[in-house]
Amino acid sequence: MAGLELLSDQGYRVDGRRAGELRKIQARMGVFAQADGSAYIEQGNTKALAVVYGPHEIRGSRSRALPDRALVNCQYSSATFSTGERKRRPHGDRKSCEMGLQLRQTFEAAILTQLHPRSQIDIYVQVLQADGGTYAACVNAATLAVLDAGIPMRDFVCACSAGFVDGTALADLSHVEEAAGGPQLALALLPASGQIALLEMDARLHEDHLEWVLEAAAQAARDVHTLLDRVVRQHVHEASILLGD
Amino acid sequence: MPLIKGMLIERPSFRSYFHSCGVFLSVPNVDLPPLCSSRFRSGPPGEEAQVASQFIADVIENSQIIQKEDLCISSGKLAWVLYCDLICLDYDGNILDACTFALLAALKNVQLPEVSINEETSLAEVNLKKKSFLNIRTHPVATSFAVFDDTLLIVDPTGEEERLATGTLTVVMDEEGRLSCLHKPGGSGLTGAKLQDCMSRAVTRHKEVKTLMDEVIKSMKPK
């Protein structure tokens with residue numbers, strides 16, 4: 001039974017973590033010179049890069065411009081070498097389009113688009129190594145990148161995945177745990193208000209268990225928020241030293 | 001000495017394929033996604049990406065970094081195919097130099113597991129515990145120049161310099177001073193003497209880049 005492997009009797013997971021424990025997160029902001037905002041995040045072995053251009057004038061047809069707010073354009077790309085087997089199409093396939101759409105919906109909820117009417121904000125996310133929780137890593141990286149670009153947001157957007165095995169809710173699933181086929185939940189949270197920007201669940205889960213899984217994911221997202229907050233403050237501190245304040 | 005601008009990440013992956021001779025054994029692919037610069041749009045690979053991919057393919061072919069025989073497992077039946085995927089993350093000019101450098105560094109990092117053909121089943125058996133490095137025969141290093149008005153030559157141009165240049169030139173040299181590739185896609189003319197200057201500059205650059213790369217590879221933690 002898959003459940004027996006994923007969670008041992010003592011409560012340890014495949015990689016030695018506890019049920020509610022997150023993988024090690026390392027993040028950096030302002031990694032690229034060309035972009036307006038950029039960030040790099042590592043969640044365990046999952047590595048994601050986010051780059052933000054904007055707000056700038058609408059590219060392509062002017063008719064797409066919205067008169068009262070900015071257009072958010074997200075593109076998700078997974079490098080050909082990001083998974084064990086070489087991926088044929090890094091972008092343009094169905095999964096990438098779906099991810100791009102989900103990211104766009106997430107960030108439209110958080111970015112104060114009314115402040116930039118008739119303009120466009122581009123968010124490009126590149127996954128360099130995928131080991132589970134790619135949506136969460138992308139959202140976290142994109143949040144940092146948008147902050148680096150100085151685009152005003154309602155709040156941080158922190159995301160985490162969660163699953164349910166053997167009566168226990170697991171937070172931050174790795175690829176092995178995702179591939180086992182149990183229920184998985186991806187949650188994007190605005191921590192200060194506790195509002196959910198995006199919630200997506202795969203596979204069957206009894207409604208009684210939903211609350212536990214949701215709580216595990218929300219707690220993990222709040223932990224991610226603490227970390228990202230620290231990263232942002234550290235970055236601002238370093239930047240102000242360079243400016244000579 | 002200008003630093004290599006534009007960061008690249010590359011990881012050759014490999015597959016064993018049944019094939020007969022004449023099939024490509026190394027498939028390079030350069031990707032210039034819109035995230036590296038606002039110049040690029042999303043969609044199918046543009047002109048610049050395709051030219052860069054072809055350039056890398058030519059460099060591999062001409063400088064013979066790896067020989068086809070080294071990738072062969074069983075002649076006429078089984079050989080390795082190297083997929084070289086180069087993604088540009090931050091574009092600030094001089095993409096060809098950076099691609100060649102990244103390619104070389106990555107090829108030096110590649111470890112192929114041992115494959116043996118089982119006589120009874122005639123299937124390949126991969127031994128992941130025993131890995132060996134690729135046999136890199138030459139070390140080609142590319143040096144690019146931007147030409148301004150037939151007179152001024154700048155080594156390792158940035159994005160801004162490339163945009164303003166009237167022509168570009170890329171020279172690929174290996175350690176014995178042999179020329180692998182000379183890429184001068186149109187643009188303003190150059191005298192023979194200027195070309196010679198470029199070659200000697202390329203030789204110096206080769207030494208600098210090779211020392212840097214050796215240092216980095218030595219400092220890498222063994223897996």
Give me the extension gain from A:E108 to A:K95: residue separation times 0.36 nm, minus the current Cα-Cα distance, reported in nm with one decimal. 2.7 nm
In a Gaussian network model of chain A with springs linking alpha carbons closer than 10 Å, the residue among A:T143, A:T113, A:T80 that fluctuates most is A:T80
Using the Kirkwood radius built from alpha carbon pairs, what does the Stokes-Einstein equation give as D for the range A:96-167 at 37 °C and 0.692 mPa s, in µm² per second? 245 µm²/s
By count of other Cβ within 10 Å, fewest leading, how are A:S119, B:S74 ordered? B:S74, A:S119
So for each of A:192-205, A:158-171 I average, over its residues, the number of other beta carbons within 10 Å; can you give me the resulting order with the highest mean first? A:158-171, A:192-205
Those trypsin sites (Lys or Arg not before Pro) in the range A:80-140 that DSSP places in a loop and that have at most 11 other beta carbons within 10 Å: A:R88
Work out the mean other chain Cβ neighbour count within 10 Å for the residues of A:73-84 and drop it here as an integer. 3
How large is the charge dipole for the protein assembly as shown, taken about the Cα centre, if only the Cβ atoms of Lys, Arg (+1) and Asp, Glu (-1) carry charge, to the nearest 20 debye? 480 debye
Nearest 10 degrees, 0 to 90: what angle lies between the long axis of helix A:134-148 and the longest principal axis of chain A (Cα atoms)? 30 degrees
Using the beta-carbon distance between B:S38 and B:E114 and R0 = 56 Å, what value does 1/(1 + (r/R0)^6) give for FRET efficiency, to the nearest 0.05? 0.75
Once a ≥ b ≥ c are taken as the square roots of the eigenvalues of the Cα gyration tensor of chain B, is the result rounded (a/c under 1.5), prolate (a/b larger than b/c) or oblate (a/b not larger than b/c)? prolate
In percent, what relative contact order does chain A have, based on Cα pairs under 8 Å that are 6 or more apart in sequence? 21 percent
For A:R69, what residues show an amide H to amide H distance below 5 Å, using hydrogens built from the backbone and excluding near sequence neighbours? A:R118
Trypsin sites (Lys or Arg not before Pro) lying in DSSP loop within the range A:17-80, provided at most 12 other Cβ fall within 10 Å: A:K24
Can you give the average number of partner chain beta-carbon atoms within 10 Å of each beta-carbon in peptide B:86-93, as a whole number? 4
What pairs in B:K108/B:K207; B:K68/B:K218; A:K87/B:K130; A:K47/B:K68; B:K131/B:K218; B:K108/B:K130 have C-alpha atoms more than 22 Å from each other? B:K68/B:K218; A:K87/B:K130; A:K47/B:K68
Distance between modelled label sites at B:L195 and B:N127, nm, 7 Å Cα→Cβ extension: 5.1 nm
Label 7 Å along Cα→Cβ of B:T158; the range B:76-105 residues with amide nitrogen under 14 Å? B:91-94
Please state, rounded to one decimal and in Å, the Kirkwood hydrodynamic radius that chain A gives when every pair of distinct Cα atoms enters the mean of 1/r. 18.6 Å
Using the alpha-carbon atoms, what tilt in degrees (0 to 90, nearest 10) does helix A:94-110 show relative to the longest principal axis of chain A? 70 degrees
Within the range B:127-166, list the trypsin sites (Lys or Arg not before Pro) lying in a DSSP loop whose Cβ has at most 14 other Cβ atoms in a 10 Å radius. B:R137
With a point put 7 Å past each Cα toward its Cβ, work out how far A:R154 is from A:S240 in nm, to one decimal. 2.8 nm
For the range B:39-174, what is the relative contact order in percent, using Cα pairs closer than 8 Å and at least 6 residues apart in sequence? 24 percent
Using the alpha-carbon atoms, what tilt in degrees (0 to 90, nearest 10) does helix B:47-63 show relative to the longest principal axis of chain B? 60 degrees
Could you list B:W80, A:W212 so that the one with the fewest beta carbons within 10 Å of its beta carbon is first and the one with the most is last? A:W212, B:W80
Could you line up A:I111, A:I41, B:I117 from fewest to most neighbouring Cβ atoms inside 10 Å? B:I117, A:I111, A:I41
Report the FRET efficiency, 1/(1 + (r/R0)^6), for B:N135 and A:D68, where r is their Cβ-Cβ distance and R0 is 60 Å, rounded to 0.05. 0.45
Looking only at B:P185, B:P140, B:P45, which one moves most when chain B is put into a Gaussian network model with springs between Cα atoms under 10 Å? B:P185
Stretch in chain B that is longest and holds no GluC sites (Glu not before Pro) that DSSP places in a loop and that have at most 14 other beta carbons within 10 Å: B:1-118
Take chain A, connect every pair of alpha-carbon atoms lying under 10 Å apart with a spring to form a Gaussian network, then pick out the residue of A:C74, A:C138, A:C97 with the largest mean-square fluctuation. A:C97
Please average, across the residues of B:25-37, the number of beta carbons from any other chain that are within 10 Å of each residue's own beta carbon, and give a whole number. 4
Anisotropy class of the range B:157-209 from Cα gyration tensor, a/c 1.5 cut: prolate
Does the protein assembly as shown come out rounded, prolate or oblate by the C-alpha gyration tensor, with a ≥ b ≥ c the root eigenvalues, rounded set by a/c under 1.5 and, if not, prolate when a/b is larger than b/c and oblate if not? oblate
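A short reminder: the numbers here are calculations on the coordinates, not readings from a lab. This is a predicted model, so every value here is computed, not measured. Don't worry about glycine lacking a Cβ; one is built from the backbone with ideal geometry, like all the others, and counts go over all protein chains shown.
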